[in-house]
1. Please count how many residues of the range A:233-256 are out of contact with any helix residue (DSSP H, G or I) (no Cβ under 6 Å at 6 or more places or on another chain) and either of a type outside the set (S, T, N, Q) or open to solvent by less than 10 Å² (accessible area, probe 1.4 Å) (or both).
2. Among the residues of the range B:355-377 satisfying the criterion of being free of Cβ contacts under 8 Å to residues at least 24 places away in the same chain and over 20 Å from the mean Cα position of the chain (by Cα), which is nearest to the ligand (Cβ to nearest atom)?
3. Working carefully through the options B:Asp177, B:Asp207, find the one that is assigned by TED's automatic domain parsing to the domain that holds B:Ser138 and in contact with a His (Cβ under 9 Å, 6 or more places away or on another chain).
4. Please enumerate the residues belonging to the range A:1-36 that are buried (at least 19 other Cβ atoms within 10 Å of the Cβ) and of a type in the set (Phe, Trp, Tyr).
5. Could you list all residues from the range A:307-327 that are modelled with pLDDT of 95 or more and away from every other protein chain (no Cβ under 11 Å)?
6. Name the residue, out of B:Arg145, B:Arg115, that is more than 14 Å from chain A (Cβ to nearest Cβ), part of a strand (DSSP E or B), modelled with pLDDT of 95 or more and away from the ligand (no atom under 16 Å from the Cβ).
7. Could you list, in sequence order, all residues of the range B:334-355 that are not polar (S, T, N, Q) and not in a loop (DSSP other than H, G, I, E, B)?
8. Which numbered condition in (1) of a type outside the set (A, V, I, L, M); (2) within 13 Å of chain A (Cβ to nearest Cβ); (3) more than 16 Å from the ligand (Cβ to nearest atom) is the only one that B:Glu320 fails?
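The values are calculated or read from the model by the stated rules, or taken from the named source; none is laboratory data. Computed from a predicted structure; not experimentally measured. Backbone-built Cβ (ideal geometry, glycine too); neighbour counts: all protein chains shown. With ligands, DNA and RNA removed, areas are computed over all heavy atoms of the protein, side chains included. Shrake-Rupley method; radii C 1.70, N 1.55, O 1.52, S 1.80 Å.
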Amino acid sequence: MYFGLSDDALALREGLREVLSSACTPAVVRSAWDGDPCEPLWKTLGSFGLPGLLVPEDRGGLGLDELSFVAAVEEAGWHGVPGPLVETIVSAPLLDLPLDGSVRIAVARSSGPVPWAAVSTHVLDLRDEPALVDLSSVEVTAVPTVDRSRALGSISESPVGHAGASDRQLRDDHTTALALLELRATLGTAAFLLGLARRQLDLTVAYVKDRQQFGVPVGSFQAVKHPIANAVVDTEFAWPAVLRAAYSLSTNDPAAAMHVSMAKALASDAAYRMSRVCLQAHGAIGYTVEYDLHLFTKRTWALANDWDTAAEHRAAVARALLERTAS
Amino acid sequence: MDLTETTDEAAFRDEARAWLDANVPAAPLPSGDTREGFALHLEWERRLFEARWAVVSWPAAYGGRDASVWQWLAFEEEYYRAGAPQRVTQNGIFLLAPTLFAFGTQEQQDALLPRMASAQDLWCQGWSEPGAGSDLASLTSRALRDEAAGGWRLSGQKTWTTRGAFCTHIFGLFRSDPSSQRHHGLTYFLVPLDAPGVTVRGFARLDGDEGFAEVWFDDVFIPDSAVLGGVGEGWKVAMATTGSERGLSLRSPGRYTATVDRLLRLAASRDVDATVESRLAQAWMDAEAYRLFTLRQVSAEQAGRGRPGESSLNKLFWSELDIRLHELALDILGPEAELEGPWSKGFQFSLSGPIYAGTNEVQRNIVAERLLGLPRK
Ligand SMILES: Cc1cc2nc3c(=O)[nH]c(=O)nc-3n(C[C@H](O)[C@H](O)[C@H](O)COP(=O)(O)OP(=O)(O)OC[C@H]3O[C@@H](n4cnc5c(N)ncnc54)[C@H](O)[C@@H]3O)c2cc1C
């Protein structure tokens, strides 16, 4: 029995932390707010190997499993990496596209505008017959969003016949591969959310230690401490659920889908609550776009509902439980 | 990450399950917090001991099985899954014993542990006083040195002592240095309740059972051998005990996963709407999350990556989880919720979770100050 990340996964996270501390500063995240696709950052992610994290080594990837995936993505969440990182990593194993960070793959799964489409090079369109769309050939209209780095875009009439040359598995029996893609994307989003929560917590702890009112640091007030402690309980109990779901996927556990839903439901709720508590503990300084907190708060709001809401995942867990009890 | 049980662990679990299936009383025992119920629970404890299931994680020499923490967790899971009786010996075997293993002399361990395991000595916990609750360091019970007799004379009053009226021994903190303040000058004593000068009065908890007691000490003599961990070292030793109480050893995850299983069976026997279904899903996830958190915690500790204040995270989570599980059961029961029964009883008990073992407000202080490093007042 060992529950936790392996030393290799911990080292991967450490390495990524080092790289991102200079490659993904708040200034870089802010540039994404102005529509910049952040190509230098993505190039760095590419040389680190992140896009190919789940791609087998004989195809040029890192050939790692879902545990390394959540370790890396949680760290990326702390830095607020802009762009379709989770979507690119989970799509890469299905496609024959470069893994060097020159390709950013958004995923379309509902009729609305597509997250990240306005800063991506491709869209994997799962709405009807799965198709890979090269965005250089279609028009993408950016849609205003609360977190402007999210770069949602509506795509003009999907041109046909794009499940073409660069596509490896979309032509074969793709149901299993696409189901796995969805589970991995959901799980990755859960991990990213907990990274965002950890960043907001770090900012808040530093701030309330420093900010003085009534002659003492505001962090010495219990009315400030206790909500933070409660939010920490939520995130601390969500992270093991993310790890377990990753393990279940990597070992083909038949309950993996249920475990992924559990992870996303807990992570969405925990990260959202953390964002509320952190904003409140900051007072007005948290309520301006000039301070960094909002970069992570607004991404939390977006991702909490992306790849399905906590309520939808809870409903999925409920269905699985009722089936179990009935059988 | 490796969540497969080793063959040893699986064999241990199977053996525990088989024994429990064959031995757990078919009908639930009356509450162990009543006089008659306590006596029936003692019979059960002695059966556990004879079959060497009473203290599985202890060394075989003291009646245990040298179980690893993983085996212990598996045993706990099986114990609650089988619906086995509450452990009325818990304050001895789960709270005092780890402290004895860490701080006791060989003589103390040899004398006390076997009698504790076999439920001959029944231990209660003497921290709180009428004037000292959360602020335990303000306690005023005293220990005066009696050099001539080679021991100590205890006076003062303890209260809220769980099952004190049914127990034979008490462990507790006394101020042994009259000039000392706060956390200093306290000593941890092990006291038989039949010592001359001890008076015990049981009284009822919220659910009406006689689960509480007040204990008075009127110039009670005890020998030096009754000191655990050194004169003046009481605070440090007591903190080890409270760490066990907040964390894993008192409240293992099996307790909550079993409660959720019962909850799911209750729900399956009724018509429940989508709101209740969603709360059931949350209940299952929360109990699972507690289980997974403890697996992570044990692994991290074994790898030397434990963090200060972590047991306060456990305590906050299990205590609030327990209330939510029972609230949901009562909502499913609807008009039947007010009837005396396991759920209404369990609900009342769950409400004490955020109070005992250090209130949840105090735990939040600990998380904020020790885990996050926020400034103290
Ligand atoms: C079921 C049950 C079993 C128990 N068993 C035992 C036992 O076996 N042995 C034993 O010694 N004791 C036992 N206790 C007592 C328990 O340890 C105390 O109740 C607990 O320490 C709180 O003390 P208090 O009740 O005096 O409350 P107080 O300390 O008076 O607290 C009252 C309120 O003020 C809050 N408060 C106090 N200090 C702070 C602070 N610094 N910051 C924020 N809020 C604060 C508390 O959280 C609480 O809400 C038991 C209690 C219960 C309910």
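1. We begin by selecting, within the range A:233-256, every residue out of contact with any helix residue (DSSP H, G or I) (no Cβ under 6 Å at 6 or more places or on another chain); these are A:243, A:247, A:251-255.
Then drop every residue that is not either of a type outside the set (S, T, N, Q) or open to solvent by less than 10 Å² (accessible area, probe 1.4 Å) (or both), which leaves A:243, A:247, A:253-255.
Residues that pass the stated criteria total 5.
2. Checked the range B:355-377; the qualifying residue nearest to the ligand (Cβ to nearest atom) is B:Asn365.
3. Details: B:Asp207 fails: in contact with a His (Cβ under 9 Å, 6 or more places away or on another chain).
Selected residue: B:Asp177, the only one of B:Asp177, B:Asp207 that is assigned by TED's automatic domain parsing to the domain that holds B:Ser138 and in contact with a His (Cβ under 9 Å, 6 or more places away or on another chain).
4. Across the range A:1-36, the qualifying residue is only A:Phe3.
5. Matches in the range A:307-327: A:Trp307, A:Asp308, A:Thr309.
6. Working: B:Arg115 fails: part of a strand (DSSP E or B).
Answer to the selection: B:Arg145.
7. Quick first cut of the range B:334-355, residues not polar (S, T, N, Q) only: B:334-343, B:345-347, B:349, B:351, B:353-355.
Once the filter is applied, which keeps residues that are not polar (S, T, N, Q) and not in a loop (DSSP other than H, G, I, E, B), the range B:334-355 yields B:Gly334, B:Pro335, B:Glu336, B:Ala337, B:Glu338, B:Pro342, B:Trp343, B:Lys345, B:Gly346, B:Phe347, B:Phe349.
8. Of (1) of a type outside the set (A, V, I, L, M); (2) within 13 Å of chain A (Cβ to nearest Cβ); (3) more than 16 Å from the ligand (Cβ to nearest atom), only one is false for B:Glu320: (3).
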